[in-house]
Amino acid sequence: MNETFMKEKPVLPLLLSMALPNVLSMLVNSLYNIVDSLFVARISEDAMTALSLVFPIQNFSNAIAIGFGIGINAMIALYLGAGDSEKAETAATHGFVLSLVHGVVMMVVGIAIMPGFLRRFTQDEALIAAGITYSTIVFLFLVVNMVSLAFEKIFQAVGRMKVSMVALITGCVCNILLDPVLIFGLGPVPAMGIAGAALATGIGQALSVAVYLVVYLRTELPVRLRRRCLRPDAALDGRLYAIGIPAILNLALPSLLVTFLNGLLAAFSQSYVVVLGIYYKLQTFLYLPANGFVQGMRPLIGYNYGAREHARVKKLFQLTLLMSAAIMAAGTVICQFASGQLMGLFTQNPETIAAGQTALRIISIGFVISAVSTTASGALEGLGKGAESLVIALCRYVIFIMPLAALLCNWLGADGVWHAFWLTEVLAAAVSGIVYRRAVTHKK
């Protein structure tokens, strides 16, 4: 299959053709995240709190799947751009097998640590039980999730964005349809509560894998998973991890941040912990579609860099930044003028709604400027510069926001945590510009 369209097609139509299927699938994924939380919130606010407490570990497992997938994606695109299809297939095969190993390890570790992890934040046995029930079922499907995301990155690396769109949408729609049936019961199906929400998630992931398998087995792809490619290749595996580990840390750092912020906020009121959990559900509706453009850009930048088309690399970055900023600007307007209505979707507690209104209005100040750091991170990963991307992530999730949140909450109470978000985005954007320019200049 000829993939030279990645360096021959005009940049804007090319980026749109690669990004829009991702944006659509990310919008559906965002809708699923919100609908899933809405159904859980209807069980009780305690159930929503349990979901918020489980989020850091669940997000960390997803970070491993997606982050290592970024390494697979980047290596395939770089080798295809350089015309080395054998190496591209080896990268795909090694990446897929290693993803399976990651899934098994995380399943065992995740289930084992959750009881102790939850008890760090609450002594409410009902909350702990709900969190253990939800997380155990979700983690039992971790191998399935790792396979799904490995396939996703392989298909994206070769320009098959529509396949990944169909697979993700199929899984999300299945999840949305199953949520009310499994949570509240319907006909012969018993009401399963929070366990039903977890089971719906796992079944949706399994359905996505089924879509990928059908397409993989029935269509031609420029890379295939081949037994002969399983021979040891320490150098290639090292490159996969050199890109994948920083990407994993990049995506996992929000888990560390949420755990840290939950500790700060719980000292003021449990309502603030709920608000933070709701915020992270709502912000996916902005950051996931924006990430759709980044995902579309990533293999294009890798392929064009491998083909030494540096002018196209620069243009791809600029267009992605512009489109991401436009999405975040729309989100800013919504959060400024409809924050109360958004919070009211998840809770009827007046105290929580009032705190959430304030949080959304303050945090959203930094949405537009955050497009700089998210786009720069994605571009660096596409260029195989995982360490530089990690520097940006550390600034966003550790170096700036944690000290700022701890300091400001002493002066402003819980509101100080919310102000730390937008201040961090301004500082991280400045760092991102410097890091990206230096990395690109060095690569040339």
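Each value in this text was obtained by applying a stated rule to the coordinates, not by laboratory testing. What you see is a predicted model, and the numbers here were worked out from it, not measured in a lab. Reconstructed Cβ throughout: ideal geometry from the backbone, glycine too, with neighbour counts over all protein chains shown.
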Simple spin-label estimate for Leu412 and Ala338 in nanometres, 7 Å along Cα-Cβ | 2.5 nm
Can you give the direction-averaged projected area of the convex hull of the alpha-carbon atoms in the chain, in nm²?
-> 20.2 nm²
Taking the dipole about the Cα centre of the stretch 1-110, with the C-beta of Lys and Arg at +1 and of Asp and Glu at -1, give me whichever of His102, Leu51, Ser17 is farthest to the positive side.
-> Ser17
Among 396-408, 218-230, the order from most to least packed when residues are scored by Cβ within 10 Å on average | 396-408, 218-230
Which one of Tyr79, Val209, Leu394 is farthest out on the positive end of the charge dipole of the chain, using unit charges on Cβ (Lys, Arg +1; Asp, Glu -1) and the Cα centre as origin?
-> Tyr79
Do you know the Lys pair count in the chain for C-alpha distances under 18 Å, with sequence separation 8 or more or different chains?
-> 16
When you count, for each residue, the other Cβ atoms within 10 Å and take the mean per peptide, how do 105-116, 284-295 rank with the highest first?
-> 284-295, 105-116
Mind checking the angle between helix 194-218 and the chain's longest principal axis? C-alpha axes, 0 to 90 degrees, to the nearest 10.
-> 10 degrees
Rg over Rh [alpha-carbon atoms, Kirkwood Rh] for the stretch 169-261 = 1.14
Taking the Cα centre of the stretch 346-444 as origin, sum charge times position over the Cβ atoms of Lys and Arg (+1) and Asp and Glu (-1), and report the length of that vector in debye to the nearest 20.
-> 540 debye
For the chain, modelled as a GNM with alpha-carbon contacts under 10 angstrom, which of Ile353, Ile169, Ile43 fluctuates the most?
-> Ile43
Segment Ala234-Ala266, extension gain: residue separation times 0.36 nm, minus the distance between their alpha carbons | 7.0 nm
Only Lys, Arg (+1) and Asp, Glu (-1) charged, at Cβ; the chain dipole about Cα centre in debye = 1460 debye
How far is helix 234-266 tilted off the main Cα axis of the chain, in degrees rounded to 10, range 0 to 90?
-> 20 degrees
Obtain the nm distance between the two label points defined at Val104 and Ala387 by a simple spin-label model: each point lies 7 Å from its Cα along the Cα-to-C-beta direction.
-> 3.2 nm
Pairs of Cα atoms under 8 Å, at least six residues apart: use those to get the relative contact order of the chain, whole percent.
-> 24 percent
Candidates Ala129, Ala393, Ala91: whichever shows maximal mean-square fluctuation once the chain is modelled as a Gaussian network with Cα springs under 10 Å = Ala129
How far is helix 161-184 tilted, in degrees, relative to the longest principal axis of the Cα atoms in the chain, given as a value from 0 to 90 rounded to the nearest 10?
-> 20 degrees
